[in-house]
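Notes to accompany the following structure.
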Amino acid sequence: MSQLIRALLIATFFAIAHAQTSTPTPVDPAWTTVTNTSDLAIQQVAQFAVRIYALSTGKLKLGFVGVVSGQTQPFNAGYNYQLVITVSDGPAPRNYRNYSAAVWGILGTMSWKLWSFTPV
């Protein structure tokens, strides 16, 4: 009888240990397509990206033209933004180029980061 109890205790121990180590990994929230690229918040995020890139690279004549497309994802109390932005290189004759920008921020705060800004 004691061997049966010991076997049940060992089996219970292993079942509990396995249950504690096999918890599911949290899944990142899905990206959502920006349906209105003229939305004021999206426009402001894109303008932030262009300004920060221009200031950090010394390309001060770069100007925001518009948002071509984008995606958002809830992350860390704010949002990740992946935007394709059209930028001008200065006064006439202007050349236009699209850039892919990755930004994280919390709307209505000063908490913003430009992660990347690369030509497409």
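Evaluating 6.51 cos²θ - 1.76 cosθ + 1.60 at θ = phi - 60° for every residue in the range 36-51, the Karplus couplings come out as 10, 6, 8, 4, 4, 4, 5, 4, 5, 4, 5, 4, 4, 4, 5, 5 Hz, glycine and proline recorded as x. Overall shape: prolate for the range 32-119, with the ratio a/c of the largest to smallest alpha carbon gyration tensor axis at 1.5 or above and a/b above b/c. Extension gain, SER69-VAL120: 0.36 nm per intervening residue step, less the Cα-Cα distance, totals 17.1 nm.
Between the amide H of SER69 and those of VAL84, distances stay under 5 Å, these residues lying 5 or more places away or on another chain, with hydrogens modeled in the peptide plane.
If a spin label sat at a point 7 angstrom from the Cα of ALA77 along the line to its beta carbon, the backbone N atoms of the range 87-120 nearer than 20 Å would be those of 103-115. Rounded to the nearest Hz, the phi-derived 3J(HN,Hα) couplings of the range 102-110 under the Karplus curve 6.51 cos²θ - 1.76 cosθ + 1.60 (θ = phi - 60°) are 10, 10, 10, x, 10, 4, x, 10, 9, where x marks glycine and proline.
Between LEU55 and SER38, the simple label model (points 7 Å from Cα in the Cβ direction) yields a spacing of 2.9 nm.
Normalised by the number of residues in the range 32-119, the mean separation of alpha-carbon contacts (under 8 Å, six or more apart) gives a relative contact order of 24 percent.
How much net charge surrounds PHE75 when only other residues with a Cβ under 14 Å from its Cβ are counted (Lys, Arg +1; Asp, Glu -1)? Net of charged neighbours comes to 0. I'd like the FRET efficiency for TRP31 and ARG94, computed as 1/(1 + (r/R0)^6) with the beta carbon distance as r and R0 of 41 Å, rounded to 0.05. According to the calculation, E is roughly 0.85. In order along the range 56-73, the Karplus-derived 3J(HN,Hα) couplings, from 6.51 cos²θ - 1.76 cosθ + 1.60 at θ = phi - 60°, round to 6, 10, x, 8, 6, 8, 5, x, 6, 10, x, 9, 7, 7, x, 9, 10, 8 Hz, and Gly and Pro are given as x.
The Cβ shell under 14 Å around ARG51 holds other residues with a net charge of +3, Lys and Arg each +1, Asp and Glu each -1.
None of the figures in this text is laboratory data; all of them are computed from the coordinates on show. What you see is a predicted model, and the numbers here were worked out from it, not measured in a lab. All Cβ positions, glycine included, derive from the backbone under ideal geometry; neighbour counts span all protein chains shown.
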